[in-house]
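Colleague: I'd like to ask some things about the structure below.
Please treat every number below as a calculation from the coordinates, not as lab data. A quick note: this is a predicted structure, and the numbers were derived from the prediction, not measured. Cβ placement follows ideal geometry from the backbone for every residue including glycine, while neighbour counts extend to all protein chains displayed.
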């Protein structure tokens, strides 16, 4: 008995994406209403206008995916929309506490930056039809990353809280190191895909560890050392840690050698010890980490202490949106927005937030596994690790797991630079996931040319 062979076509998942995005918008609307009712006791009259803008932005990306990337992962967009919306709600809540309405508050600026970031993401989705095109610009991306990192050292540089990581053009400020993260991921992926065999096999063994040849590891090491040196000069140790983590993670994924993780940890420890001896800024951060609640610690960095006490006041279920006092912590809308959410949403709320990030990382790694080209695998892995490391560094800093750095929580914290970069990162991941989930073209024997007839001649 002959059985017919059927081809299983992967589901596009666009209807699922639309449903989950609508659910995310609904959660944001309920949170927005909750905040306003807690502050004034009335439902906001501009509810539909403010939340409708976010809904229109998310719908625009959804329609673009139906048009240009119909097989893209259906979970990434709803998660990014929900995280962005939660951040907008909390920033609006802090605006109300400071006496600012929506028209003059930080929430409106964040919403405008969201629109700009999504517009850039749409351009990336439409213009970038194949992620493999980025491989052509491997060394260009590496050079551009170094240029972006070094821009704050130019006359356009602007120092904030001791870290010279901004450039100022008129009334606008921008953090160029945010763009450099994506460019470095492209450079590492493009270089490692052509040298990973040499890095994994060629070289000399010492103490059971195979060290690669200098000519194979040299370009990677030079790029990272140059970036790290510039960032140290700028007192931007958070981005330094992020780029170093990206460097080690992509090396491990490319070579599958645990020795890179061990060497990375030892190198990071040695570098941190050296920097600690000469940088007073780092010494202060370590003091805040090890002895936060001492008299000197509270004097130098009381924001960490007040942030932790705020989360403790929230307990398991939180004080409720609009019922806490997150403004007591300095920078509650940017560096310490996680503690603000922890106070009013409680342990349950922050666990849900961490779970959203974990799901986003899982979908990025799933897309990497599903790809059939090495460059795409490494690029998707690198971009996902950029997101994961940044989340760990931010949350770990405000909860005293590691010393505090100046990074912001992706999609949630106030800041235009971070939003633009993260939405661009999401757009590239969506493009990659489209290729990973797209079925291979079916084999059609009729499309092949007829076999060539061999004619014997004298």
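Colleague: Listing 298, 355, 250 from the residue with the fewest other Cβ atoms within 10 Å to the one with the most, what is the order?
Modeller: Ordered by Cβ neighbours within 10 Å, fewest first: 355, 298, 250.
Colleague: Could you list, bin by bin from short to long, the percent of Cα-Cα pairs of the stretch 48-108 in 5 Å steps?
Modeller: 4, 17, 22, 20, 14, 10, 7, 4, 2, 0
Colleague: Arranged by the count of other C-beta atoms within 10 angstrom, fewest first, what order do 179, 394, 412 take?
Modeller: Lowest to highest Cβ neighbour count: 179, 394, 412.
Colleague: For 293, 411, which order do you get if you count the other beta carbons within 10 Å of each Cβ and list the fewest first?
Modeller: Going from least to most buried by this count: 293, 411.
Colleague: What nm value, rounded to one decimal, do you get for the distance between residue 258 and residue 225 when each label is placed 7 Å out toward the C-beta?
Modeller: For residue 258 paired with residue 225, the spin-label model returns 2.9 nm.
Colleague: Okay, next question. Could you work out how far apart the two model spin labels at residue 173 and residue 277 are, taking each label as a point 7 Å from the Cα in the direction of the beta carbon, and quote it in nm?
Modeller: 3.4 nm
Colleague: Find the relative contact order for the stretch 133-438 and round it to a whole percent, using C-alpha pairs within less than 8 Å whose residues are 6+ positions apart. Let's see the in-between values first.
Modeller: Values: 427 pairs, mean separation 51.0, N = 306.
Across the stretch 133-438, relative contact order equals 17 percent.
Colleague: At a Förster radius of 60 Å, what calculated FRET efficiency corresponds to the Cβ-Cβ distance of residue 373 and residue 293, to the nearest 0.05?
Modeller: After rounding, the FRET efficiency stands at 0.70.
Colleague: What share of Cα pairs, in percent, lie more than 40 angstrom apart in the chain?
Modeller: Taking all Cα-Cα pairs of the chain, the fraction more than 40 Å apart is 24 percent.
Colleague: Still on this structure: Subtract the Cα-Cα distance of residue 440 and residue 316 from 0.36 nm times their separation in residues, and report this length gain in nm to one decimal.
Modeller: Gain on extension, residue 440 to residue 316, equals 39.8 nm.
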